[in-house]
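Novice: I'd like to ask you about the structure that follows.
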Amino acid sequence: MQYEHESIFCIVDYHAITQPYEPEQLRERRRAMAVSLLAAGLNPNQCSIFVQSQVPEHTELAWMFNTITPLGELERQTQFKEKSQRQESVPAGILNYPVLQAADILLYRADMVPVGEDQVQHLELSRVISRRWNSSFGRLTGRRTADGGEEREEFFPEPKPLLTPTRRIMGLDGQSKMSKSMGNTVALLESPDSIWAKLRPAVTDPKRIKRTDPGTPEVCNIYHLHKAFSPVATVEHVATQCTTAGWGCIDCKKVLAESMETELVPIRRRAAELVAEPARIDDALASGAARCRRLAGETMRVVRDRMGF
Ligand code: SF4
């Protein structure tokens, strides 16, 4: 994306604090996320990468959007329902989480957002917020709409989802999507031993009880991880071996661990290089934040004006 589009990548530390957290760990996690993103291939000369809290306009715009977002829309969000079920006392930040997301996107008037399938609903809410803001505060163009109303400028675009082939990575528990708060993730910079310790007991096709039982790859999360990490020929081999009980699930997971290693070794190597040169990380985040503050300032000048400030 960074070579095809003007791209902005945000490390969302204001979102992170909607879950219980330790301040010192937040600092470490923010840094670790920057290292992961840069090591995974983001090139600061080609895109902007920055920390959300370094651009205060995110929360300013989120507050303004809160005033036009219907409560019912927020309560209907699947992620809110799931997260709030897991907690006795639900902070308002979890409810308003997608409003801050809308601000993250619309602050840069982005028209495309790479998301997983689970985020499509949140993105739809961003589109709703964009439409509402435009119809309430967009400048009158002097023209008439098709139904005879007064046309307003579309200051904010309606951002569209850009889904990747791997639309949803389920967690190793096979129950819910990969999520740090569920403890079912594999991290980009995790050691091979640690990854194997998680992969080994990971849930597979529940009907494959004995080694001689044929399996159904499509219902198995390990198969979907193969599709994300393994070459096409390996994925086909996995399907054959599974449906004919040609191998056991541990054999299958060993091959997956190897495919993951092939992808993750260069990322880990680049991460180690970055950690040894912290100024490179600081420079990337500082230049990203400076550019985003400028873009955010331009948007907010218009937003404040149109909203009467
Ligand atoms: S053989 Fe592989 S794809 Fe089949 S059930 Fe076991 S882990 Fe899943």
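The values are calculated or read from the model by the stated rules, or taken from the named source; none is laboratory data. Nothing here was measured: the structure is a model prediction, and the numbers come from that model. Glycine also receives a Cβ, built like all others from the backbone with ideal geometry; neighbour counts cover every protein chain displayed. Surface areas here come from the heavy atoms of the whole protein model, side chains and all, with no ligands, DNA or RNA. Shrake-Rupley method; radii C 1.70, N 1.55, O 1.52, S 1.80 Å.
Novice: So, in segment 187-209, exactly how many residues are part of a helix (DSSP H, G or I) and among the small types (Gly, Ala, Ser)?
Specialist: Here the count works out to 2.
Novice: Return yes when ASP251 is of a type outside the set (Phe, Trp, Tyr), under 25 Å from the mean Cα position of the chain (by Cα) and open to solvent by 40 Å² or more (accessible area, probe 1.4 Å) and no when it is not.
Specialist: no
Novice: Right, another one. Does any residue in segment 93-110 that is on the phi > 0 side of the Ramachandran plot and open to solvent by 10 Å² or more (accessible area, probe 1.4 Å) come within less than 9 Å, Cβ to Cβ, of a residue that is at pLDDT 95 or above and part of a helix (DSSP H, G or I) six or more places away or on a different chain, and which pairs are these?
Specialist: The qualifying pairs are ARG109/LEU295; ARG109/THR299.
Listed here are the residues, each with its yes/no results for (1) modelled with pLDDT under 90; (2) among the small types (Gly, Ala, Ser); (3) open to solvent by 60 Å² or more (accessible area, probe 1.4 Å).
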| residue | (1), (2), (3) |
| --- | --- |
| VAL113 | no, no, no |
| GLU117 | yes, no, yes |
| GLU124 | no, no, yes |
| LEU140 | no, no, yes |
| ARG144 | no, no, yes |
| ARG168 | yes, no, yes |
| VAL186 | no, no, no |
| GLU190 | no, no, no |
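Novice: Of everything in segment 254-291 that's touching a residue at least 24 places away in the same chain (Cβ under 8 Å) and in contact with a strand residue (DSSP E or B) (Cβ under 9 Å, 6 or more places away or on another chain), which residue is surrounded by the fewest Cβ atoms within 10 Å (Cβ to Cβ)?
Specialist: Filtering segment 254-291 for residues that are touching a residue at least 24 places away in the same chain (Cβ under 8 Å) and in contact with a strand residue (DSSP E or B) (Cβ under 9 Å, 6 or more places away or on another chain), the one surrounded by the fewest Cβ atoms within 10 Å (Cβ to Cβ) comes out as SER287.
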